[in-house]
Amino acid sequence: MKIGIFDSGKGGLSVFDEIKKVLPEAEYKYIADSANCPYGEKSDEELMKIVKKNVEELRDWGAKIVVIACNTATTRCIERLREDYKDLEFIGTEPAIGLAVETGAKNILVMATPGTIESERLGSILKKNQKQDQKFTLLACPGLADAVEANKGIDEKLKELLTGVENVDCVVLGCTHYSLIKDKIGKYFPGAEIVDGNKGVAKRVKLLVENLWKNE
Ligand code: DGL
């Protein structure tokens, strides 16, 4: 089974690692599209063009499943991709709002790119999951994915974004690049749970592979 994966660089490797753990025998191609990083600060039109190029490269390689290891590309593009490429199965990565709700936390901070924070899809995920006694704070983090991608200026960026953000008992890492700096983010919120959607994505990929095999 050929599985294609892409992200705007190395962030999606945090998802890829989880997928490999549950499906070690599949064949993989990973596109680290760092030339186009950051996805989170592009217009819909620009992003769609970039994302389609990656999808077509993976399809030409023979992928049957494409994992969008990027919250931005998922929240902004997945519906169109499913319409435009009916021969492919897409699995996306989305901010783990459901997981955060399950922790029972009362004050939940969602960190993501501007593109994800502004997406309609995040709005509807929140509407579907949010409980009355839970408060969500959405924090757009321009420049943070780039800093992680370049491995430069991460500490300064975190200080700028997170200083003064208080009373948080759960943090959702809504960008796959942020999972790579989970420990650094955790230092700002001692005692808070830090969650991402990476294990959930791996679980869904495994289920899909099993289903496709059954029907072959
Ligand atoms: N890693 C991506 C995400 O999960 C995109 C980061 C970016 O390129 O802005 O949103």
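What follows draws every value from the coordinates through simple rules; no lab data is involved. Predicted model, so just to flag it, every value in this text is computed and none were measured. Using ideal geometry, Cβ is built from the backbone for each residue, glycine included, and neighbour counts are taken over all protein chains shown.
Data table
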read-out	value
Kirkwood Rh in Å, taken over the range 1-102 so that all alpha-carbon pairs contribute	13.8
Local net charge near Tyr39, Cβ-Cβ under 12 Å (Lys/Arg +1, Asp/Glu -1)	-4
The chain pair-distance distribution - Cα-Cα, 5 Å bins, rounded %	1, 7, 16, 20, 20, 16, 11, 6, 2, 0, 0
Contact order normalised by residue count of the chain, Cα under 8 Å, 6+ apart, percent	26
Helix 198-214 vs. the chain, principal-axis angle (Cα, 0 to 90°, nearest 10)	20
³J(HN,Hα) computed for each position of the range 13-18 - Karplus, 6.51 cos²θ - 1.76 cosθ + 1.60, integer Hz, glycine/proline x	5, 5, 7, 4, 4, 5
Helical mean residue ellipticity (222 nm; -39500 (n - 2.57) per DSSP H run of 4+; nearest 500) of the chain	-14000 deg cm²/dmol
Taking the C-alpha atoms of the range 93-196, convex hull volume expressed per residue in Å³	88
Label-to-label distance, nm, for residues given as Asn36 and Lys159 (7 Å Cα→Cβ offset)	3.4
Pairwise FRET efficiency - Lys21 versus Asp87, Cβ, R0 = 41 Å, nearest 0.05	0.90
